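Following: one structure in structure tokens, then a few remarks.
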Amino acid sequence: VQLQASGGGLVQAGGSLRLSCAASGRAFSLYVMDWFRQVPGKEREFVAVIGGSGGNTLYADSVKGRFTISRDNAKNMVYLEMNTLKPEDTAVYYCAAYQAGSSSYTSPRLASYWGQGTQVTVSS
């Protein structure tokens, strides 16, 4: 599976962005998909995860109520809708794919595939 993230950019605090992650390969719906983010000098941080069918989601407390993860299995796409953005949301955002049966879907060490990252900058 190859992943390509896009949609990042510069936005003012309070604004919105929608990130997209395009996946190539077969059996996309079998993968649990995540978004992570990372700032220089810090570890990659879990943001959100969505199950293969799209029915189950989980969010980091820091983004709960502001971000929404979704997927379109027919198009091999995962999205992250980000609203009410804050300067502390500034980071490089990565999409990741986990194979079913992983012992954790929020540990970056257990991800099977990564996208290349897209920069999100929120100005105050």
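The values are calculated or read from the model by the stated rules, or taken from the named source; none is laboratory data. Computed from a predicted structure; not experimentally measured. Remember, those area values only see protein heavy atoms, side chains included, never the ligands or the DNA or RNA. Shrake-Rupley method; radii C 1.70, N 1.55, O 1.52, S 1.80 Å.
Only protein atoms count toward the accessible area here, which uses a 1.4 Å probe; on the chain, the carbon and sulfur part of that area reaches 48 percent. Annotation: per residue accessible area for the chain equals 51 Å², rounded to a whole number [probe 1.4 Å, protein chains only]. Under 30 Å between alpha carbons, and skipping anything fewer than 8 positions from Lys42 in its own chain: which lysines qualify? Within the straight-line limit of under 30 Å, Lys42 reaches these lysines: Lys64, Lys86.
Please tell me the relative contact order of the chain in percent, rounded to the nearest whole number, where contacts are Cα pairs under 8 Å and at least six residues apart.
Details: 308 pairs, mean separation 44.8, N = 124.
Contact order relative to length: 36 percent.
Relative intensity of the chain on a log10 scale, I(q)/I(0) at q = 0.11, 0.15 Å⁻¹, equals -0.32, -0.60, per a Debye sum over C-alpha point scatterers of equal strength in the absence of solvent.
Taking all protein chains as they are arranged and a probe of 1.4 Å, the heavy atoms of Thr57 leave approximately 70 Å² accessible to solvent.
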